[in-house]
Amino acid sequence: MNLPVNPVFFTVYTYICCSPRVIINMFNLILFGPPGSGKGTQSAKLVEKYGLIHLSTGDLLRKERQLKTPLGIEAQQFIDKGQLVPDEVVIGMISSALDENPAARGFLFDGFPRTVAQAEALDKLLELKKSSIALVLFLDVNEDELIQRLVNRGKTSGRSDDADESIQRKRQEVYKHETLPVAAHYEKFKKVVHIDGMRGIDDVFSSLAVHIDKKIG
Ligand code: B4P
């Protein structure tokens with residue numbers, strides 16, 4: 001049976017499905033874990049494999065600092081002490097980055113959200129795009145290993161927040177009090193999967209990919 005094609009319906013349907021301004025079926029992923037757990041390391045590999053847009057608030061803040069923008073100068077004072085940058089600053093950065101990528105197939109959030117307020121803001125921003133977080137992959141690494149990795153990274157990174165162990169310890173404390181509740185927020189929606197992040201980089205990556213592939217189908 002041939003159904004008549006309604007031209008108005010066809011135009012609207014084509015607009016909704018094909019316009020780069022409307023994002024449908026985006027795949028959005030949060031890579032979660034304490035400082036030094038390997039979020040940045042794994043993000044680079046995941047972006048290459050899945051073609052997601054990588055949004056790292058740490059990288060965005062470091063870029064602002066390099067450019068010596070007022071935002072970068074303000075943020076650096078917090079980063080140097082191992083503290084979190086205020087929510088409104090990072091939420092604003094993420095909101096702009098989402099708007100700058102209207103045709104994205106999906107986003108990989110690395111180091112964001114780091115507070116429950118940031119998570120709630122992200123959920124709302126994605127809802128406006130008729131999307132949501134599909135999966136939160138949580139890298140489990142014990143604290144001694146984290147400090148060891150960050151001290152090692154500090155030998156070559158030149159990052160002020162890698163400079164000494166007392167800042168590393170402070171960052172782990174801030175993580176436990178302010179960031180860990182973000183996992184509980186997404187656990188309510190059964191979106192969190194724990195990954196053993198103590199293994200080598202390639203083994204961790206394989207486990208992450210298994211869970212992403214399962215979700216993508
Ligand atoms: P980030 O830039 O997000 O960095 P990170 O948490 O320190 O590290 P990551 O987990 O990415 O570890 P990496 O892969 O490098 O944050 C920096 C600062 O910016 C924050 O402290 C905060 O002040 C501010 N900030 C950022 N986002 C914010 C937000 N949303 N709200 C407020 N403030 C915010 O791995 C670490 C090291 O381990 C590397 O040397 C790596 O080579 C090594 N490594 C990785 N995987 C390994 C493995 N499997 N085995 C052995 N070594 C491994």
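What follows draws every value from the coordinates through simple rules; no lab data is involved. All figures in this text were calculated on a predicted structure; none of them were measured in a lab. Here the Cβ is made from the backbone with ideal geometry for all residues, glycine too, and neighbour counts use every protein chain on show.
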Of the candidates Gly51, Gly106, Gly111, the one satisfying the condition of being away from the ligand (no atom under 16 Å from the Cβ), in contact with a Lys or Arg (Cβ under 7 Å, 6 or more places away or on another chain) and on the phi > 0 side of the Ramachandran plot is Gly51
Considering the stretch 98-124 alone, what residues qualify as being over 16 Å from Ile53 (Cα atoms) and either surrounded by fewer than 19 Cβ atoms within 10 Å (Cβ to Cβ) or out of contact with any helix residue (DSSP H, G or I) (no Cβ under 7 Å at 6 or more places or on another chain) (or both)?
Val116, Ala117, Glu120, Asp123, Lys124
Can you tell which of Phe189, Phe138 is in contact with a Gly (Cβ under 8 Å, 6 or more places away or on another chain), more than 10 Å from the ligand (Cβ to nearest atom) and either farther than 25 Å from Lys81 by Cβ or among the small types (Gly, Ala, Ser) (or both)?
Phe138
Look through the stretch 115-157, keep the residues that are of a type outside the set (A, V, I, L, M) and touching a Phe, Trp or Tyr at 6+ places or on another chain (Cβ under 8 Å), and return whichever of them is nearest to Glu187 (Cα to Cα).
Phe138
Can you pull out every residue in the stretch 181-200 that is surrounded by 12 or more Cβ atoms within 10 Å (Cβ to Cβ) and either under 19 Å from the mean Cα position of the chain (by Cα) or within 30 Å of Arg65 (Cα to Cα) (or both)?
Pro181, Val182, Ala183, His185, Tyr186, Glu187, Lys191, Val192, Val193, His194, Ile195, Gly197
Return the pair list, or none, for Cβ contacts closer than 7 Å from residues in the stretch 136-154 that are more than 22 Å from Leu208 (Cβ to Cβ) to residues that are surrounded by fewer than 18 Cβ atoms within 10 Å (Cβ to Cβ) and of a type in the set (A, V, I, L, M, F, W, C), at least 6 apart or on different chains.
Gly154/Ala163
Hey, any hits in the stretch 94-109 for a residue that's more than 21 Å from Ala184 (Cβ to Cβ), over 15 Å from the mean Cα position of the chain (by Cα) and of a type in the set (Gly, Ala, Ser)?
yes
Please go through the stretch 154-168 and give me each residue that is under 16 Å from Pro34 (Cα atoms), among the charged types (D, E, K, R) and loosely packed, with under 15 Cβ neighbours inside 10 Å, ordered by number.
Glu165
Only residues that are without any contact (Cβ under 8 Å) to a residue 60 or more places away in the chain, touching a Gly at 6+ places or on another chain (Cβ under 9 Å) and of a type in the set (D, E, K, R): list them for the stretch 68-120, please.
none
